[in-house]
Amino acid sequence: NAGVTQTPKFQVLKTGQSMTLQCAQDMNHNSMYWYRQDPGMGLRLIYYSASEGTTDKGEVPNGYNVSRLNKREFSLRLESAAPSQTSVYFCASLSGLNYGYTFGSGTRLTVV
Amino acid sequence: KNEVEQSPQNLTAQEGEFITINCSYSVGISALHWLQQHPGGGIVSLFMLSSGKKKHGRLIATINIQEKHSSLHITASHPRDSAVYICAVDNTDKLIFGTGTRLQVFP
């Protein structure tokens, strides 16, 4: 099915461990985004990529890195996880036309 | 003050009721989005609008650019409409999100 695929769905990390969240879309969208969602707060932008080969910081980039591997894939890396990074992470893509955003199903990350 | 404010934060309704969720914003925008997040966590885009009104089934979204205000209406509400409804605005290539309105519709 067309859409945005995120992996993994759940992850528990120990403080200091690293991991990469994977995101892929098969809709030929140019723009891709990583958000985090915390209780009582709206989704906040971590990083985004307006096109293949470009990435830019969002509102809360500290502690994260991203890689736009090709037009389909946009990964988010935590080099040294901290408890403050416990959150639900969403990847999204935008068609650039008038169809709105498509979101992945989310990754629930717990850092202990 | 948040740049995107939604009201109410929580809303309870009986099946069949007409529901209105409001969104006000304080920044310049190119478009406004209404999203739906079900208890399982997935987020679905309902509407993207920059002027006027859009309708999809029992859902209607309106926007008043001059007043910086948008409303999402649900007609003949149903328990399956229970979800969190999120307003987000497109501001200089990024989305700014409201904190959401939690809707519960009881049979």
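The values are calculated or read from the model by the stated rules, or taken from the named source; none is laboratory data. Source: prediction; values computed, not measured. Positions of Cβ are backbone-derived with ideal geometry, glycine not excepted, and every protein chain shown enters the neighbour counts. Keep in mind that these areas ignore ligands, DNA and RNA; they rest on the heavy atoms of the full protein, side chains included. Shrake-Rupley method; radii C 1.70, N 1.55, O 1.52, S 1.80 Å.
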Choice from A:Gln17, A:Gln85, A:Gln25 showing the highest fluctuation, given a GNM over chain A with Cα pairs closer than 10 Å:
A:Gln17
Estimated FRET transfer efficiency (B:Lys53, A:Lys57; beta-carbon r; R0 30 Å; 0.05)
0.25
Karplus 3J(HN,Hα) series, Hz, for the stretch B:41-47 with 6.51 cos²θ - 1.76 cosθ + 1.60 (x for Gly, Pro)
x, x, 10, 10, 7, 9, 9
Amide H neighbours of B:Thr99 under 5 Å, counting only residues 5+ apart in sequence or on other chains, H built in-plane at 1.01 Å?
B:Gln6
Shape box of chain A [Cα atoms, principal axes, largest first, Å]
40, 27, 26
Averaged over A:38-44, number of beta-carbon atoms from partner chains that fall within 10 Å
5
If amide H atoms are built 1.01 Å from N in the plane of the peptide, which residues on other chains or at least 5 residues away come under 5 Å of the amide H of B:Phe47?
B:Trp34
Which sequence of A:Val66, B:Val89, A:Val112 reflects their accessible areas, 1.4 Å probe, from the largest down?
A:Val112, A:Val66, B:Val89
Going from most exposed to least, what order do A:Tyr48, A:Tyr33 have by accessible area with a 1.4 Å probe?
A:Tyr48, A:Tyr33
Tell me the accessible surface of A:Arg77 in square angstrom (1.4 angstrom probe, heavy atoms of protein chains only), to the nearest ten.
80
Run the quick spin-label model on B:Ser7 and A:Glu73: label points 7 Å from Cα toward the beta carbon, then report their separation in nm to one decimal.
4.8
Spacing of the two label points (7 Å from each Cα toward its C-beta) at B:Arg102 and B:Ala76, in nm:
2.9
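Give me the net charge of A:Gln17's neighbourhood, meaning all other residues with Cβ under 13 Å from the Cβ of A:Gln17; Lys, Arg count +1, Asp, Glu -1. Each step should come with its number before you reach the end.
Details: positive: A:Lys14, A:Arg77; negative: A:Glu79.
Net local charge, A:Gln17 excluded: +1.
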Taking each residue of A:64-74 in turn, how many C-beta atoms of other protein chains fall within 10 Å of its C-beta, and what is the average?
0
